[in-house]
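The values are calculated or read from the model by the stated rules, or taken from the named source; none is laboratory data. Because the structure is predicted, anything quoted here is derived from the model rather than measured. Note: ideal-geometry Cβ built from the backbone for every residue, glycine included; neighbour counts use all protein chains shown.
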Amino acid sequence: MSRFKIGLTGGIGSGKTTVANLFAAKGIELVDADIIARDVVAPGTPGLAAILARYGNAILQSDGTLDRRLLREHIFNDGSERQWLNNLLHPMIRQQMLQQANLATSAYVILVVPLLFENGLDTLVDRTVLVDIPSALQITRTSQRDLVDASQVQSIINSQMHREDKLNRADYVIDNQGDLAQLECQVMQLHKQFLEQAKLSPDND
Ligand code: ATP
């Protein structure tokens, strides 16, 4: 059983969540990569067991869940540890995303993946959609939302794929520089196209 799949991506603060919620309001089911990335290291999972075997119990918080901040510190300056962790978790995340997507019952399903292109998850989906805004607006909106300073947002932007590269790769681009009404209008147009494409897709059974 397979569903027609859309991969939704965009840099920090570009509006992925806002866009995803607009599609959800039209009855389209969402699969969220951030949630799955947490699920695969939840207590009792093989993911967490492998991390414990490598780093010991010190990597746990007092409630028995993974101390994600400490884990990030372990891998931050160590490419080989980061590679080890990615090799462990990425196949699990891919498999879970596909499994959840194929359980969806809406006409098509949206996979919300911040690092869709960076992590090669675009190969899982039928179409890709980029939510795009200039970096100055990423900084304004993110720092207003999270009360963080501009330099922190800028360093995250720097760690993500360049805007031009993502624009070149995406099948569709949502320009989110305007207001919410303009955003909703673009979502509506794409929704209509995806409904048509899903109907024609041999994938949707
Ligand atoms: P992240 O990558 O950090 O999770 P995101 O891509 O999911 O972010 P959102 O959280 O949807 O981005 O949007 C970032 C902020 O910008 C939010 O506070 C949101 O309400 C606001 N926002 C999104 N679109 C618009 C818009 N068209 N006009 C004004 N504000 C907007």
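Details
- Evaluation of Q152 against (1) buried (at least 17 other Cβ atoms within 10 Å of the Cβ); (2) within 12 Å of the ligand (Cβ to nearest atom); (3) over 18 Å from A20 (Cβ atoms) (one fails), failing number: (1)
- Within region 12-32, the set of residues being within 12 Å of the chain's Cα centre (by Cα), more than 10 Å from the ligand (Cβ to nearest atom) and assigned to a helix (DSSP H, G or I) is empty.
- Taken as a whole, region 61-68 holds no residue that is assigned to a strand (DSSP E or B), at pLDDT 95 or above and within 16 Å of the ligand (Cβ to nearest atom).
- There is at least one residue in region 88-110 that is surrounded by fewer than 11 Cβ atoms within 10 Å (Cβ to Cβ) and touching a residue at least 40 places away in the same chain (Cβ under 8 Å).
- So I35, is it of a type in the set (V, I, T), closer than 30 Å to Q182 by Cα and either more than 21 Å from the chain's Cα centre (by Cα) or outside the structural domain of Q189 (by TED's automatic domain parsing) (or both): yes
- Filter result for the condition that a residue is closer than 28 Å to L147 by Cα, of a type in the set (S, T, N, Q) and surrounded by fewer than 14 Cβ atoms within 10 Å (Cβ to Cβ), over T9, T18, T65: T65
- Of all residues making up region 123-153, the number that are in a helix (DSSP H, G or I) and touching a helix residue (DSSP H, G or I) at 6+ places or on another chain (Cβ under 7 Å): 8
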